[in-house]
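Some notes on the structure that comes next.
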Amino acid sequence: MVRKTKEDALATRDSIMDAAEQLFVEQGVSGTTLQHIATAAGVTRGAIYWHFEDKGALFNAMMERATMPIESAMQTLDVPAGADPLAHLRSYALCVFDLTINDPRARRVFEIATLKLEYVGEMSTIRERRSQHREQFMASAERIVKEGIAHGRLKDTVKPRAAALGLFILIEGLVRSWLITPDFDLAQLGVEIVDTHLDSLRA
């Protein structure tokens, strides 16, 4: 019997996650069993248990492997507000839309996490993860809005948290709506909608 190398083991692990990712999109997380995944990956259930404790552990590993668009775009906010603070918030939205459209894995994982999953039991950690990233966005966006108000770039009547939360919900809602029914141009119409929101904040 030929002993598997570390590279072989990693390749098997990746193939299991690839199969799970595809099945979760097609059947939902609760509708997909480990046997379904094993069959699709061309391995035994024992091979899955060798790599993952259970379906929850497999799901979490799959989520860790791919970063969702809303998380990947966060680096666009890690900058001072500057002369045009709203440009940074706009860049964030553009980055989210671009990743959703052009990165298949990021798109699939976002779809699974938002449309194909119940946040109960072993999957509740994903709800916590999404909540943490929303708060991370909120902190950065609120800071940018406050700096913009302080420098006279935004209306002094703007409520920073309301503006930040409104933008987050707007972006996430656009992506979710496009994933459900992609009958509009997310890149073009999405930016137009975001611009309408941001322009309402500008001094």
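I need the chymotrypsin sites (Phe, Trp or Tyr not before Pro) found in region 91-158, filtered to DSSP loop residues with at most 13 other beta carbons within 10 Å of theirs. Walk me through the numbers on the way to the answer.
On the way: sites: Y92, F97, F110, Y119, F137; in loops: Y119.
Those satisfying the criteria are Y119.
Computed from the mean reciprocal separation of all distinct C-alpha pairs, what Kirkwood hydrodynamic radius does the chain have, in Å?
The Cα-based Kirkwood calculation yields 18.6 Å.
With a 1.4 Å probe and every protein chain left in place, work out the accessible area per residue of the chain in Å², rounded to a whole number.
Heavy-atom accessible area per residue stands at 52 Å².
Divide by every residue of the chain the summed helix terms, -39500 (n - 2.57) for each DSSP H run of at least 4, and state the resulting mean residue ellipticity at 222 nm, rounded to the nearest 500 deg cm²/dmol.
Per the formula, -23000 deg cm²/dmol.
Given the Cα atoms of region 58-129, and with Rh set as the inverse mean 1/r over their pairs in the Kirkwood sense, what is Rg to Rh to two decimals? Please report the intermediate quantities before stating the final value.
Working: Rg = 14.3 Å, Rh = 13.4 Å.
Here the Rg-to-Rh quotient is 1.07.
So which GluC sites (Glu not before Pro) in region 49-145 are both in a DSSP loop and have at most 15 other Cβ atoms within 10 Å of their Cβ?
In loop regions of region 49-145 (DSSP not H, G, I, E or B), the sparsely surrounded GluC sites (Glu not before Pro) are E53, E118.
Let me have the relative contact order for the chain, percent, based on Cα pairs under 8 Å that are six or more residues apart.
Here the relative contact order equals 21 percent.
Viscosity 1.306 mPa s, temperature 10 °C: give me the Stokes-Einstein translational D for region 14-100 in µm²/s, with Rh taken as the Kirkwood radius over C-alpha pairs.
Rounded, D is 106 µm²/s.
Can you give me the P(r) profile for region 136-189? Cα pairs, bins 10 angstrom wide beginning at 0, each as a whole percent.
Distribution as computed: 24, 37, 27, 11, 0 percent.
Which percent of the accessible heavy-atom area of the chain goes to carbon and sulfur, probe 1.4 angstrom?
Percent of accessible area from carbon and sulfur atoms in the chain: 53.
The values are calculated or read from the model by the stated rules, or taken from the named source; none is laboratory data. These figures come from a predicted structure and were not determined experimentally. Glycine gets a Cβ as well: all are built from the backbone with ideal geometry, and neighbour counts include every protein chain shown. These accessible areas exclude ligands, DNA and RNA; they are computed on the full protein's heavy atoms, side chains included. Shrake-Rupley method; radii C 1.70, N 1.55, O 1.52, S 1.80 Å.
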